[in-house]
1. What residue, among those in segment 105-119 that are among the charged types (D, E, K, R) and surrounded by fewer than 24 Cβ atoms within 10 Å (Cβ to Cβ), is farthest from PHE143 (Cα to Cα)?
2. Specify the residue that is nearest to PRO154 (Cα to Cα); the eligible residues are those in segment 31-59 that are in contact with a Pro (Cβ under 8 Å, 6 or more places away or on another chain) and among the small types (Gly, Ala, Ser).
3. When segment 171-201 is examined, which residues are found to be part of a helix (DSSP H, G or I) and in contact with a Ser or Thr (Cβ under 8 Å, 6 or more places away or on another chain)?
4. Can you pull out the residues in segment 117-161 that are in contact with a strand residue (DSSP E or B) (Cβ under 6 Å, 6 or more places away or on another chain) and more than 19 Å from SER15 (Cβ to Cβ)?
5. Just checking, does segment 157-167 include any residue being among the polar types (S, T, N, Q), surrounded by 22 or more Cβ atoms within 10 Å (Cβ to Cβ) and modelled with pLDDT of 95 or more?
6. If you check ALA211, ALA224, which single one turns out to be among the small types (Gly, Ala, Ser) and closer than 23 Å to SER23 by Cα?
7. Quick test for you: out of ALA4, ALA90, ALA65, pick the one residue that is open to solvent by less than 30 Å² (accessible area, probe 1.4 Å), without any contact (Cβ under 8 Å) to a residue 60 or more places away in the chain and not aromatic (Phe, Trp, Tyr).
8. Filter segment 125-142 for residues that are open to solvent by 20 Å² or more (accessible area, probe 1.4 Å) and not in a helix (DSSP H, G or I) and give the result.
Amino acid sequence: MNLADLLRTDSGVLSVVGSGGKSTLVNELARELGCTVVIATSTHMLAPEGCPLLLDPTELDLEQALWYTRVVCVGTRAPGAEGDAGKLCAPSLGFGTLAVLADRVLVEADGARRLPHKAHAAHEPVVPAESSQTIQVVGASGFGGRVGEVVHRPELMCAAVGCSASDECTPELYARFVANEHAAGVVRADDIVVNQADDQAGIELAARFAAELRVCGDETPVAAGSVREHRLELV
């Protein structure tokens, strides 16, 4: 399946949360969609390469930019960030306004310090109220590592599922934690993408994750594969 096959809505705001490839999913999805797209964040993110960056634009600025190019990034410079590659925070224009001006708004709504797995604090993720769909990304590269080394905020995962930071983060253990977060309402995901499953071994790890999720009573659809290669399959 292509990345765009994940989409269940024809327009509006799509949020991406989790870890292990959020930025890649947002950027590659923007390239695959054949419509006007605004990339933005509700937290912090690095400005993507390969598309114009509009800092604090007016509605007219954005409307004109989308006449000339199909994909733009919109945001506000984060305090202390310098240069075009500096970090961005939420745009001054509201997400509802962005959705009126563009066919799609893709929002990076979470941070994970570049680790493949994520445990969410009480204030996370920051999903805009206008979001019509949320995709959660999980990095397959974290399966088999130690919880304390592959999970952002590992102490929260340990407290939730009774593991220790030195335990192996198996697909089953992390699935139980993800199911716990979903059941508690911490994360509300319409779909899960297990990224970094670049070979058959990775797909099998993702399938173990998906199977354990279902054992826990969580029926969130799971797709696995390589976002960068636009290659996913349901598991």
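The values are calculated or read from the model by the stated rules, or taken from the named source; none is laboratory data. Predicted model only: the values in this text are computed from it and were never measured. Ideal geometry is used to build each Cβ from the backbone, glycine not excepted, and the neighbour counts take in all protein chains shown. The accessibility values were calculated without ligands, DNA or RNA, using every heavy atom of the protein model including side chains. Shrake-Rupley method; radii C 1.70, N 1.55, O 1.52, S 1.80 Å.
1. By that ranking, first place goes to ARG113.
2. SER42
3. Listed by number, the list holds a single entry, HIS182.
4. If the condition is that a residue be in contact with a strand residue (DSSP E or B) (Cβ under 6 Å, 6 or more places away or on another chain) and more than 19 Å from SER15 (Cβ to Cβ), then ALA140, GLY142, VAL150, VAL151, MET157 are the ones that fit.
5. no
6. ALA224
7. One residue alone meets the criteria, ALA65.
8. PRO125, VAL126, VAL127, ALA129, GLU130, SER131, SER132
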